[in-house]
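The values are calculated or read from the model by the stated rules, or taken from the named source; none is laboratory data. All values derive from a computational prediction rather than experimental measurement. Note that we place each Cβ from the backbone using ideal geometry, even for glycine, and neighbour counts take in every protein chain shown.
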Amino acid sequence: MEIYLPIADMPVNIFLVLAMGLAVGFISGMFGVGGGFLMTPLLIFIGVQPAVAVASVTPHVAASSFSGAITYWRRNAIDVVLALTLLAGGILGSCGGVALFTWLRTLDQLDLVIGLSYVILLGVVGALMVGESARAIIRSRQGKRIELRRPGSHTWIHGLPLKLRFKRSKIYVSAIPVLAIGFIIGFIGAVMGIGGGFLLVPMLIYLLRVPTATVIGTSMVLTFLTMISATVLHAATNHLVDAVLALILMAGGAAGAQFGAHAGKRIRGEWLRMLLGLLVLAVGLRFASQLVLRPDDLYSIRFLGGAP
Amino acid sequence: MIRLPLATLVIVVLLAGGGRAICAERLVVSLTNHRVMITSSYTGVELVLFGSVERDATAASRSAPYDIVATITGPREPVRARRKKRVLGIWVNTESRTFVDPPSYLAVLASRPLDAIASPEIRRRLQLGITNIPFPELVHNDVGEVSNDPFRPALVRLMREQTLYSEKPNAVTFLAPTLFRASLSLPAQVPIGNYAVDVKLFAEGALIAEADSAFEIVKVGFEQFVVSESREHGVLYGMATAAMALLTGWIASIAFRRD
């Protein structure tokens, strides 16, 4: 069944988009990521203009992460204080990111910078996660106990001042690295048009030693708050949010996130991290191949707007 | 003495023009639909162009059949064509050209292949066929035609791949010697706006009559409402979308609750 998208100016198969929302929603619920880094390339692949795709994915990510967050809230697996501290840094980061975005666009090389940052970020993060989780799996196979929280292994991060106690996560760290992580996520999210959950989760685990119990729920709350504000900002500035497209994506995504969150509970932490790492790495490689392989067509066209 | 040649010229021109006016054939065309409405179930539309050649008493009898060339031009929009080049192992857009307002939709329908209808010189002068339609470019803040620019065929090729440009030499059929029809199928991704239909009648390689028509593609109902709301009340539209996101998320968390 085809339905015409009023802002994207094209008809799409409603079941195809619904299935895409469901699949990406499942992944986002399972790993506690927004799924924007998967959904945006998928939409561009079926022919939606990149700008409309980025803008319309934000409400979809908001719905998925809100639905997931409720589930984690019921399970009491959210550290609200940590999420709000991260958000404070995130708002500052978004402002910086939007400024860089605008500057790069005037240089006419925004696409290249976005492509390169996808490759570098996804490649590095994916490789790190796969490596770490592989070591954890091997260790557990050898019968050793997995100690994600090694009390003695305090890094320089734990020596910083302005310490705050995040009761729900049972951590006592300085506010500086928390705000900094929030800033980085907000900055990268604004430049690359992604929620940044796939970066946030490993950062919270490896840098702040947030326990696996609260990391995904907390990440979902942050993703949902940033994406809600991004939706309003996109709609107010670019007028490119396609509400019909967003609604179809949401309907699939919100349902998928529920199933994903339940599936995620049954998989052991290190395997979950391994799967997410592989997924992130695969998307990174896809972007790398686009940059490195000779394109089928050296020419491309872009409508500069102006038509009613 | 100076005025005399000028006056003669005027008379000659008037005679020539008058000669044209009393010329034998007249072309009458009509479209099945002048307003294509885009609704939520829109997946493209087919329009039919009808036409008739009206001959009066003075019309000379033609030994060869008539030929028709119809050119449908969509709303104009600037387009940038870019070419990639390998830089340090990565494919990067290095060169680009900006085309000033090329048609966003272009279809040339004819009753026979264009080279059989008129000579290359006439086709060039009358801008018949995609190759003869000018695509001015923006060159150093100046607008002009660039001859042999490889970006021009690239633009036409890419537009053809998206079925936005097409040239169909057998799309016009004569139902009777003076009555013809042509069907025009507009793809789903056609840009909205005003479309001009220009129909030319040829006989024995010469243009003998012209007629034009037009149609518009508009969004109506819910589609139009969404577009105008998103443009005029951006913040409100954004908040409504955000509220929709929260509601969907909340409903899903209840509907699929497994705890």
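Scan segment A:17-33 and give yes if some residue there is closer than 29 Å to B:Val218 by Cα and more than 10 Å from chain B (Cβ to nearest Cβ), otherwise no.
Filtering segment A:17-33 for residues closer than 29 Å to B:Val218 by Cα gives A:17-18.
Subsequent filtering for residues that are more than 10 Å from chain B (Cβ to nearest Cβ) retains A:17-18.
Yes.
For A:Val280, all conditions in the list (1) crowded, with 24+ Cβ neighbours inside 10 Å; (2) more than 28 Å from B:Leu88 (Cα to Cα); (3) more than 11 Å from chain B (Cβ to nearest Cβ) hold save one; what is the number of the exception?
(2) is the only condition that A:Val280 fails.
Please enumerate the residues belonging to segment B:1-40 that are at pLDDT 80 or above and within 30 Å of A:Leu247 (Cα to Cα).
Listed by number, the residues that qualify are B:Arg35, B:Val36, B:Met37, B:Ile38, B:Thr39.
Kindly establish whether B:Val100 is within 14 Å of chain A (Cβ to nearest Cβ), touching a residue at least 40 places away in the same chain (Cβ under 8 Å), closer than 26 Å to A:Phe303 by Cβ and in contact with an Asp or Glu (Cβ under 9 Å, 6 or more places away or on another chain).
yes
Conditions tested, residue by residue: (1) part of a loop (DSSP other than H, G, I, E, B); (2) surrounded by 23 or more Cβ atoms within 10 Å (Cβ to Cβ); (3) in contact with a Gly (Cβ under 6 Å, 6 or more places away or on another chain).
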site: A:Gly189; (1), (2), (3): no, yes, yes
site: A:Ile194; (1), (2), (3): yes, yes, yes
site: A:Pro202; (1), (2), (3): no, no, no
site: A:Ala213; (1), (2), (3): no, no, no
site: A:Leu222; (1), (2), (3): no, yes, no
site: A:His234; (1), (2), (3): no, yes, no
site: A:His239; (1), (2), (3): yes, no, yes
site: A:Leu245; (1), (2), (3): no, yes, no
site: A:Met250; (1), (2), (3): no, yes, no
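Looking at (1) under 17 Å from A:Leu42 (Cβ atoms); (2) surrounded by fewer than 24 Cβ atoms within 10 Å (Cβ to Cβ); (3) modelled with pLDDT under 80, can you tell me which one A:Ser289 breaks?
(3)
Restricting attention to segment A:283-308, and to residues there that are facing chain B (nearest Cβ under 10 Å), in contact with a helix residue (DSSP H, G or I) (Cβ under 7 Å, 6 or more places away or on another chain) and aliphatic (A, V, I, L, M), which single residue is nearest to B:Val87 (Cα to Cα)?
A:Leu291
Please give the strands (runs of 3 or more DSSP E) falling wholly within segment B:61-135 in which 1 or more residues are surrounded by 16 or more Cβ atoms within 10 Å (Cβ to Cβ) and at positive phi.
Strands (runs of 3 or more DSSP E) meeting the threshold: none at all.
One residue is enough: does segment A:250-263 have a residue meeting the conditions of a type outside the set (Gly, Ala, Ser), more than 14 Å from the chain's Cα centre (by Cα) and within 19 Å of A:Ser56 (Cα to Cα)?
Yes, because at least one residue in segment A:250-263 is of a type outside the set (Gly, Ala, Ser), more than 14 Å from the chain's Cα centre (by Cα) and within 19 Å of A:Ser56 (Cα to Cα).
Considering only segment B:153-258, give the strands (runs of 3 or more DSSP E) lying wholly within it that have at least 2 residues that are out of contact with any Leu (no Cβ under 7 Å at 6 or more places or on another chain) and either β-branched (Val, Ile, Thr) or at the interface with another protein chain (Cβ under 8 Å from one of its Cβ atoms) (or both).
Per the criteria, B:206-219.
Given the structure, is B:Ser185 within 22 Å of B:Gly129 (Cβ to Cβ) and surrounded by fewer than 17 Cβ atoms within 10 Å (Cβ to Cβ)?
Here the answer is yes, as B:Ser185 does meet what is asked.
Mind listing just one residue for me: the one in segment A:254-267 that is in contact (Cβ under 8 Å) with a residue 24 or more places away in the chain and either of a type in the set (Lys, Arg) or more than 8 Å from every other protein chain (Cβ to nearest Cβ) (or both) and, of those, nearest to A:Asp9 (Cα to Cα)?
Here the answer is A:Gly256.
What is the residue count in segment A:36-84 for residues that are outside any helix (DSSP H, G or I) and within 14 Å of chain B (Cβ to nearest Cβ)?
Selection size over segment A:36-84: 8.
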